[in-house]
Amino acid sequence: MDANFKKMHFYICPFKLSSNEIWYTNPDGLEPEEVLSKITEKDFLMQNKKIVFSDRHLEHVYSHLYVQQPADGITLVKIANRVVDDSDKQFWRKTPLEHRAFATVMMISIKESTRFYIEENTAAFKRVEDLISIVCHSLNEALARENQKFWIEPSIHVNRQSDDLGVMYACSVMNNLITKVQDINEGATPVMEFDEGALKMSRQFVCTLTDGRRTAMVMSTLYSLSKDKGIPKAMLSILRAAMDAQVMVRPSYKNYIEVFDCGNIVSKKNFTYYTNPGYHGFHDDRLYLNARNAFLKIKTMKL
């Protein structure tokens, strides 16, 4: 290998998709590395003609299809276990898992991290390591054609993760498809808005959620109702509502003030006082009651 090439190491986390391929997300908010992301963006715009997914011996070619246009260093692509006719749209919609002859790969290419999430679907690829090899080889070939001085080399660690919470967290970078979620507000489709603060929430609060399938909805509702309140009791009534609706447990004070940037507003004493289950001052509070109802709808909605 050319001594001028820089190796990009990444970790791989195989996962199984949640039902209906609904992806919950919040954008990273970090500058894209513009190595991998530019290649995948070009491939998308050139209708999958920039990257050719193949094995090292060029004996097999594997068709691919993007779930949505790559953006902000995030790529989500389906890779088939063979060549698929461009007109065969039904192929890419197959469910359930055991009937699908493709696996999904999520690539995160930002300055701080290059990380791939490889779906472990043995109906498509018997060994996830084979798909890892195909992805690495094919992207390296595409990078070389662009005269990019980078070489993707997988980490020796393969972190297997298949629980729902892990899936939701791993996929918390694809927000544009959130509109497929069932409504939680009497027929209205929820609009999940995420910004840098919501991103912090996904990192800091993810372990406090009680149901991984509802992660994005809970975090989005908590964040949108809490931000810009400016009064300790008002802010913490939303958190308390989520706790009382049993969609999350109490986060740490440190994580809470970091997410909402409210250390100058909410003291640790306020936080402890208003989130204590023994405090009953919210029972007639309209803000609290409306928030609790919203969280209860999320908790009871069918997925």
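Length gained on full extension, GLU153 to SER252, computed as 0.36 nm times the residue gap minus the Cα-Cα distance: 31.9 nm.
Which of LYS233/LYS297; LYS49/LYS89; LYS254/LYS297; LYS227/LYS254; LYS50/LYS126 have a Cα-Cα distance over 20 Å? Please list the in-between numbers first.
Values: LYS233/LYS297 23 Å; LYS49/LYS89 17 Å; LYS254/LYS297 28 Å; LYS227/LYS254 16 Å; LYS50/LYS126 26 Å.
Going by Cα-Cα distance, LYS233/LYS297; LYS254/LYS297; LYS50/LYS126 fall outside the 20 Å limit.
Ordered by solvent-accessible area of protein heavy atoms (1.4 Å probe), largest first, the residues VAL83, VAL52 come out as VAL83, VAL52.
Would you please name the GluC sites (Glu not before Pro) within region 54-126 that are DSSP coil residues with at most 12 other C-beta atoms within 10 Å of their C-beta? Intermediate results must be reported in sequence, preceding the final value.
Working: sites: GLU59, GLU98, GLU112, GLU119, GLU120; in loops: GLU59, GLU112, GLU120.
Here the sparse-neighbourhood loop sites are GLU59, GLU112.
Around the amide H of PHE53, modelled in the peptide plane, lie the amide H atoms of TYR62, all under 5 Å away and 5 or more residues distant in sequence or on another chain.
The values are calculated or read from the model by the stated rules, or taken from the named source; none is laboratory data. Source: prediction; values computed, not measured. Quick reminder, even Gly has a Cβ in these numbers, built from the backbone with ideal geometry, and neighbours come from all protein chains shown. Heavy atoms of the whole protein, side chains included, go into the accessibility calculation; ligands, DNA and RNA do not. Shrake-Rupley method; radii C 1.70, N 1.55, O 1.52, S 1.80 Å.
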